[in-house]
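The values are calculated or read from the model by the stated rules, or taken from the named source; none is laboratory data. Every value quoted in this text rests on a predicted model; they were computed, and no experiment measured them. Positions of Cβ are backbone-derived with ideal geometry, glycine not excepted, and every protein chain shown enters the neighbour counts.
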Amino acid sequence: MFLVVALQAEAQPLITHFGLRCEPPTGMFRIYRSDAMALVISGVGKSLSAAATGYLCGCSHGWRNAPWINVGVAGHRDADVGELIVANKIIDQSTAHSWYPPQLVSSVVNSTLITVDEPEEIYREGAAYDMEAAGFFPSATRCSSSELVQSIKVISDNPHQSIASVNARLIEELITKNLSKIEQFINRLSELSIEVKVLPASGSLPESWANRWSFSVTQGHRLRRLLQRWRALIDDGETLDSVLVACKDGAAVLTALEARLSAEKPTYGRSSLAGPRVSTKPEVHS
């Protein structure tokens, strides 16, 4: 589990709650760790958030397909101070680029999150406003599956309580009050990350291939179905190796399996075992 936060005040309740220890300073950013979690303090702004995310990823070898969460505070036009939201759409205000983090955890309210270059005081849109998510998200999705990359924010200001009233003490209080919900979100995302790593029980890839590729949660569901069909339709003499030898990533594995299975014509007595056709549309499960 990786956490990326902008401010020490946002980080401190998390450091205390999860028992994280500060690493000796050796680089650009301060990192705190436990056996199961690492947290980096980026500083304010999307560029620093992107840089800190990449730095933490580079310092953390072997944590494949781990969840990445950007935790912090944000303003909002409509939400109450103290409310917890998760971004289902992230917009970079200065470039108009947008991203859509897949939402597989239903316990937190969704909101659009607009990343701004300067603190927002007008709240023109019915959305949350921060200064980091548009840097964090594209950087973190280079390190893990997009389903496992999320921005979760506690509302610190709105038209009724201006950003001028926000200080380190208030930020710590707001994060502390939401620690239980944040931990529940972290735990659920951790469960989903295990789903990404574990190959289907109903079929398996050779260990050498499993170590080579990773699959998103959605891809994992498709892989299960395809391996079930493989066992039902393909003669034992043909190995997965022969079909997947040229595949470079998880998406290519799915494409190759679907192509091979589509070419197979079920014979009498085996067609009933094939099960339903596999949809090429992504399956999203919460």
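Scanning the range 1-59 for residues that are surrounded by 15 or more Cβ atoms within 10 Å (Cβ to Cβ) and among the β-branched types (Val, Ile, Thr), which turns out nearest to residue 117 (Cα to Cα)?
5
Restricting to the range 113-133, what's the tally of residues that are of a type in the set (Ser, Thr, Tyr) and assigned to a loop (DSSP other than H, G, I, E, B)?
The number of residues fulfilling the criteria is 1.
From 90, 85, 69, which residue is farther than 23 Å from residue 173 by Cβ and in the same structural domain as residue 168 (by TED's automatic domain parsing)?
Every option except 90 fails the conditions.
Being part of a strand (DSSP E or B) and farther than 21 Å from residue 42 by Cβ is the filter here, so list the residues in the range 73-96 that pass it.
Within the range 73-96, 76, 88, 89 qualify.
So if I check each of 121, 147, which one is surrounded by 18 or more Cβ atoms within 10 Å (Cβ to Cβ) and either at pLDDT below 95 or closer than 21 Å to residue 13 by Cα (or both)?
That would be 147, the only listed residue that is surrounded by 18 or more Cβ atoms within 10 Å (Cβ to Cβ) and either at pLDDT below 95 or closer than 21 Å to residue 13 by Cα (or both).
Tell me which of these residue 114 doesn't satisfy, since it passes every other one: (1) crowded, with 24+ Cβ neighbours inside 10 Å; (2) in contact (Cβ under 8 Å) with a residue 40 or more places away in the chain.
If we test residue 114 against (1) crowded, with 24+ Cβ neighbours inside 10 Å; (2) in contact (Cβ under 8 Å) with a residue 40 or more places away in the chain, just (2) comes out false.
Sort out which residues of the range 16-72 are within 15 Å of residue 137 (Cα to Cα), under 15 Å from the mean Cα position of the chain (by Cα) and in a loop (DSSP other than H, G, I, E, B), and write them in order of number.
Scanning the range 16-72 gives 65, 66, 67.
Output the number of the condition that residue 65 fails; it satisfies all remaining conditions of (1) modelled with pLDDT of 95 or more; (2) on the phi > 0 side of the Ramachandran plot.
Residue 65 satisfies all of (1) modelled with pLDDT of 95 or more; (2) on the phi > 0 side of the Ramachandran plot except (1).
Which numbered condition trips up residue 82, out of (1) surrounded by fewer than 19 Cβ atoms within 10 Å (Cβ to Cβ); (2) modelled with pLDDT under 95; (3) not aromatic (Phe, Trp, Tyr)?
For residue 82, the failing item is (2).
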